[in-house]
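As structure tokens, the structure follows; a few thoughts come after it.
Please treat every number below as a calculation from the coordinates, not as lab data. If you're wondering where the values come from, they're calculated on a predicted model, not measured in any experiment. Using ideal geometry, Cβ is built from the backbone for each residue, glycine included, and neighbour counts are taken over all protein chains shown.
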Amino acid sequence: MKTTIVIPAFNEEKTIGKIIKSVARYGDDVLVVCAKKSSDDTKKIAKSMGVRVVVDNGRGKGDAIRVAIGKAKGDILVFFDSDGSHIAADIPKIVAPIKKGSVDMVIASRMLGGSEELHGSFSKFFRLFMSMCIAQIINWRFGKGIADTQNGFRAIRRSVAKDLGLKADGFDIETEMVMKCYKKKYEIVEVPSMELARECGESGINLWIMGGIYVWRVFVNLF
Ligand SMILES: Nc1nc2c(ncn2[C@@H]2O[C@H](COP(=O)(O)OP(=O)(O)O)[C@@H](O)[C@H]2O)c(=O)[nH]1
Ligand SMILES: [Mg+2]
């Protein structure tokens, strides 16, 4: 099975080069999805490194993930953020359960592996709280015991990703992916992986706006 490492990137010129280098050895190819709304040199740097680069439609991270699902060539897609939050050496253990057989999606779990992004300030606490509430609702609805429904670092069979019919344009795409996998009886497992603090800049998530979108996304996928 071939593996494509998908890197969504919105104004990440400071880290994109390093991230591409760090993940390349773990996949058969690398696909960088640059944000149409990027205003820095992310795209130029990615292209100069000889990997495939596509541009999203300017609607957000979910849009970028959907573009990648349509354009990637691998049988397995690994989504890996470009801000330095994930550990590239964990990619083999995220992909392994899919390669072994019956698993369809593997989430790199911060709840099992720890996170530098979910503790400290009030906004980090609120994010963790929201994330736990969403996991609880999903577990109640589908009779599961998942701990981290939202980490961007994950692997999925491309055929499964295509079959989900994802609609989210924003950061709610990860939650939608989990709910639709459960609805369609696809198997998800979590593997521990530490989330590091992003290396520079700030998260694109505005909690007050995204909070409402997350609630809506969970609600429309409940029944
Ligand atoms: N292509 C694309 N990538 C995005 C967009 N928004 C965020 N990203 C990337 O998605 C990843 C996660 O975004 P980030 O702001 O760190 O969110 P957080 O990790 O959930 O706090 C990063 O690699 C961003 O560069 C977007 O609109 N388009
Ligand atoms: Mg991040």
Query raised in the report: What tally of residues in the range 134-172 results from selecting those that are in contact with a Lys or Arg (Cβ under 8 Å, 6 or more places away or on another chain) and crowded, with 23+ Cβ neighbours inside 10 Å?
Result: 4
Requested in this report: Scan the range 175-188 and give yes if some residue there is of a type outside the set (Asp, Glu), within 25 Å of residue 18 (Cα to Cα), within 16 Å of ligand 2 (Cβ to nearest atom) and buried (at least 19 other Cβ atoms within 10 Å of the Cβ), otherwise no.
Outcome: no
Query raised in the report: Based on what the data block shows, is residue 65 of a type outside the set (S, T, N, Q), part of a strand (DSSP E or B), closer than 17 Å to residue 151 by Cα and within 16 Å of ligand 2 (Cβ to nearest atom)?
Result: no
Report task. Go through the range 192-216 residue by residue and tally those that are free of Cβ contacts under 8 Å to residues at least 12 places away in the same chain and closer than 21 Å to residue 153 by Cβ. Result -> 1
Query raised in the report: Are any residues in the range 78-123 among the β-branched types (Val, Ile, Thr) and farther than 14 Å from residue 26 by Cα, and if so, which ones?
Result: 98, 103, 106, 107
Query - the range 68-89, subset within 16 Å of ligand 2 (Cβ to nearest atom) and over 21 Å from residue 173 (Cβ atoms), residue surrounded by the most Cβ atoms within 10 Å (Cβ to Cβ) - result: 88
Query raised in the report: Which condition does residue 32 not pass, out of (1) surrounded by fewer than 18 Cβ atoms within 10 Å (Cβ to Cβ); (2) in contact (Cβ under 8 Å) with a residue 40 or more places away in the chain, if it passes all the others?
Result: (1)
